[in-house]
Amino acid sequence: MATAGAGTEAALSAASGRSGATAVCLVSVAVGVLTLYWISRSLDADADRAVRCWLDQHRKGRLDEVAAGTGLRPATARLSLVRQARSAGVTVSGDQHRPVYRLVD
């Protein structure tokens, strides 16, 4: 909400001819967006590490087991497993509806 408010203020400033205030608002919006991006990437990396560690200890597991074992929400664990499967860090086998995930050696 803060970035939307700053963006609105920037638009109003531009319309009224206050270019200095507009620049400050746009910079603050950019800083906010970059901060949120960095936080998101950091949380993704933490989730990936937790999933890899759990799979390293248990060798294989289904989504519900990985989520329960890591303390992650199932959606977060699923996103992490999909990211790692796409980067060839995890293999997927078994049923399409209940796949089994294994860490690549």
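The values are calculated or read from the model by the stated rules, or taken from the named source; none is laboratory data. Since we're looking at a predicted model, the values are computed, not measured. Here Cβ is always computed from backbone atoms with ideal geometry, including for glycine, and neighbour counts include all displayed protein chains. These accessible areas exclude ligands, DNA and RNA; they are computed on the full protein's heavy atoms, side chains included. Shrake-Rupley method; radii C 1.70, N 1.55, O 1.52, S 1.80 Å.
Numbers below:
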{"quantity": "Every residue from the stretch 79-102 that is out of contact with any strand residue (DSSP E or B) (no Cβ under 6 Å at 6 or more places or on another chain) and surrounded by 15 or more Cβ atoms within 10 Å (Cβ to Cβ)", "calculated": "LEU79, SER80, ARG83, GLY89"}
{"quantity": "Selection from the stretch 12-50 of residues that are at pLDDT below 90, exposed (fewer than 11 other Cβ atoms within 10 Å of the Cβ) and assigned to a helix (DSSP H, G or I)", "calculated": "ALA15, SER16, SER19, GLY20"}
{"quantity": "Where ARG62 falls short, out of the listed (1) under 30 Å from VAL90 (Cβ atoms); (2) within 18 Å of the chain's Cα centre (by Cα); (3) touching a residue at least 12 places away in the same chain (Cβ under 8 Å)", "calculated": "(2)"}
{"quantity": "Within the stretch 51-78, tally of residues that are outside any helix (DSSP H, G or I) and open to solvent by 90 Å² or more (accessible area, probe 1.4 Å)", "calculated": "3"}
{"quantity": "Test for VAL82: is it of a type in the set (Val, Ile, Thr) and touching a helix residue (DSSP H, G or I) at 6+ places or on another chain (Cβ under 9 Å)", "calculated": "no"}
